[in-house]
Amino acid sequence: MPYPPDQSKKLSVDYFQLLQTRSVFELEDQPDQELLQFPEFIAVSVTNIEQQQQHLLKLSALTLDTTIIHSRPQEWEQKFNVKSADDIRKIIEHYRSIPTRLHRWQFQSASLINQNDNLIIPIQTRMKIGLGMVLKGFFPSFFKRWSLNVTDQVLRFVEMTEPMEQSMWNEVHEWMGKEMKALFEEICQQHAESDIDIDLDTDLFTEEESYAVDVDQLYGGSNA
């Protein structure tokens, strides 16, 4: 990497180095055109981890298998770093809400991810894996950019699964649409420009500040 993580915030970005980096990683000049129709996914690129966990925890369900239904609270804490009984209930509800057609794909993917029973994957990491699965399947160019900012572990799990079929988009979008919309609205509010309050009944200049305009002088005497 031309910009090590511990130094990237201290260095100014050189445009030609940026072009070289884009070439090395085979990044397109513009991400997927389909993103123009779904701006809520673009919002993912400017969210922080707290916002993702608040709105996108549902995506962690894509990495879970049926064992979670019978897991004890102690197992949830040890294997998934989930301590709240309310969070456990919500995640199980998310798992059960997966549409039938998507669930067939999810079952195979979750089996690959969970084949090692001793592997500990926190629910926050699973959320990122689930998001990566969606981006990989439907927005591959954007996925390449997104993958530069996640850990090797997250990327490894995403890459081991088969991409979602394009024909499943309606089910996927409907399943996670409410959460993506809420995230998008929060980001829009966060980046909204403040309204400028101008009193049109008040002169912008005081009498002392007002002055006459000499047209001849303004145009260099061309109208003389």
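The values are calculated or read from the model by the stated rules, or taken from the named source; none is laboratory data. What you are looking at is a predicted structure, and each value in this text was computed from that prediction instead of being measured. For neighbour counting, all protein chains shown are included, and Cβ atoms are generated from backbone atoms with ideal geometry for every residue, glycine included.
Quick notes on this one:
- Region 87-102: number of residues that are within 15 Å of Ser71 (Cβ to Cβ) and exposed (fewer than 14 other Cβ atoms within 10 Å of the Cβ): 3
- So Ser84, is it among the small types (Gly, Ala, Ser), surrounded by fewer than 20 Cβ atoms within 10 Å (Cβ to Cβ) and farther than 20 Å from Gly132 by Cα: yes
- Taken over region 112-161, the criterion of being over 20 Å from Gln51 (Cα atoms), outside any helix (DSSP H, G or I), in contact with a helix residue (DSSP H, G or I) (Cβ under 7 Å, 6 or more places away or on another chain) and not β-branched (Val, Ile, Thr) is satisfied by Phe139, Met160.
- If you go through region 151-187 and keep only what is surrounded by fewer than 17 Cβ atoms within 10 Å (Cβ to Cβ), of a type in the set (A, V, I, L, M, F, W, C) and under 13 Å from the mean Cα position of the chain (by Cα), you end up with just Ala182.
- Near pairs, Cβ below 9 angstrom, 6+ apart or cross-chain, from region 127-145 (among the β-branched types (Val, Ile, Thr)) to any residue that is modelled with pLDDT under 90 and crowded, with 22+ Cβ neighbours inside 10 Å: Val134/Phe41
- Residue in region 58-65 that is over 9 Å from the mean Cα position of the chain (by Cα), assigned to a helix (DSSP H, G or I) and either over 16 Å from Ile129 (Cα atoms) or modelled with pLDDT under 90 (or both) present: no
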